[in-house]
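Novice: Pasting a structure here, questions to come.
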Amino acid sequence: MDWQGQKVVEQLMQILLVISGVVAVVVGYATESFRAMMLIYAGGVVLATLVTVPNWPFYNHHPLKWLDQSEAEKHPKPQVVAKKRFSKK
Amino acid sequence: MHSFGYRANALLTFAVTILAFMCAIASFSDNFSNQTPSAQIQILNINWFQKQPHGNDEVSLTLNITADLQSLFTWNTKQVFAFVAAEYKTSKNSLNQVSLWDAIIPEIEHAKFWIQISNKYRFIDQGHNLRGKDFNLTLHWHVMPKTGKMFADKIVMSGYRLPDAYR
């Protein structure tokens, strides 16, 4: 999943779960059914899971632009300098 | 959010947190329910009234209990536990409470009832103070929620009196 997709997924997950929770409490209270609240919320959690957890294609529409191979060869990696050893007195 | 496991964990954690909030709201909503329970208890008969070998008084009663506890049930009620206690004062104890009968009411349909029984639990005093004793019969109830805070209250019915002599 690309960066843009990850941001969208986080926001979608939070919004879907909060809305499921609110709707569940309101409907449950109005119909005096605790069971209704739990079922609506469970449905909301399953929906949020299906939308945000799998790596759907539309989360990969902004892929990372990796550096081209020819450009990489023009700028070699820096060499590691040998460390000086300080002896204990 | 870079991997399947990361996203699944984040979602599950957030979902459980929201569930906790929902349960808190459901419990809080119980404060707004209008509760108007009613009850009446009649003592139909004093079956017997003896002094035990160890010196404690014991009495057996036949009670007629009528109650309407339907208004105690809310959407967040799992069951109502009701019990009848005889309450009286002696020189040794400022309050004696002896439970005579109890019941678990699992549904609102069973909350309006009429029952005639002898006391389910024995009415034994600490001592021999029951002759001629004035006592109250109190119906207590505990509304046990599906989630959250339990509410308890009672109705005190006074004016009962035990006989002056053993029978």
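The values are calculated or read from the model by the stated rules, or taken from the named source; none is laboratory data. As the structure is a computational prediction, the values presented were derived from the model and not from experiment. Reconstructed Cβ throughout: ideal geometry from the backbone, glycine too, with neighbour counts over all protein chains shown. For accessibility, only protein heavy atoms count, side chains too; no ligands or nucleic acids. Shrake-Rupley method; radii C 1.70, N 1.55, O 1.52, S 1.80 Å.
Novice: Would you be able to say whether some residue in region B:6-16 is surrounded by 15 or more Cβ atoms within 10 Å (Cβ to Cβ), more than 14 Å from every other protein chain (Cβ to nearest Cβ) and closer than 30 Å to A:V23 by Cβ?
Specialist: No, region B:6-16 contains no residue that is surrounded by 15 or more Cβ atoms within 10 Å (Cβ to Cβ), more than 14 Å from every other protein chain (Cβ to nearest Cβ) and closer than 30 Å to A:V23 by Cβ.
Novice: Of the residues that sit in region B:22-32 and are more than 7 Å from chain A (Cβ to nearest Cβ) and open to solvent by 40 Å² or more (accessible area, probe 1.4 Å), which one is nearest to the chain's Cα centre (by Cα)?
Specialist: The qualifying residue nearest to the chain's Cα centre (by Cα) is B:N31.
Novice: What do you reckon, is B:F81 open to solvent by less than 80 Å² (accessible area, probe 1.4 Å) and not hydroxyl-bearing (S, T, Y)?
Specialist: yes
Novice: Among the numbered criteria (1) without any contact (Cβ under 8 Å) to a residue 60 or more places away in the chain; (2) part of a loop (DSSP other than H, G, I, E, B); (3) exposed (fewer than 13 other Cβ atoms within 10 Å of the Cβ), which one does B:N93 miss?
Specialist: Of (1) without any contact (Cβ under 8 Å) to a residue 60 or more places away in the chain; (2) part of a loop (DSSP other than H, G, I, E, B); (3) exposed (fewer than 13 other Cβ atoms within 10 Å of the Cβ), only one is false for B:N93: (3).
Novice: Right, something else. Kindly provide the set of residues from region A:32-89 that are open to solvent by less than 100 Å² (accessible area, probe 1.4 Å), of a type in the set (S, T, N, Q) and not in a helix (DSSP H, G or I), ordered by number.
Specialist: Hits for region A:32-89 are A:S33, A:N55, A:N60.
Novice: Does A:F58 qualify as being of a type in the set (F, W, Y) and more than 23 Å from the chain's Cα centre (by Cα)?
Specialist: Spelling it out, it is not the case that A:F58 is of a type in the set (F, W, Y) and more than 23 Å from the chain's Cα centre (by Cα).
Novice: When region A:12-71 is examined, which residues are found to be within 12 Å of chain B (Cβ to nearest Cβ), of a type in the set (F, W, Y) and in contact (Cβ under 8 Å) with a residue 40 or more places away in the chain?
Specialist: If the condition is that a residue be within 12 Å of chain B (Cβ to nearest Cβ), of a type in the set (F, W, Y) and in contact (Cβ under 8 Å) with a residue 40 or more places away in the chain, then A:Y59 is the only one that fits.
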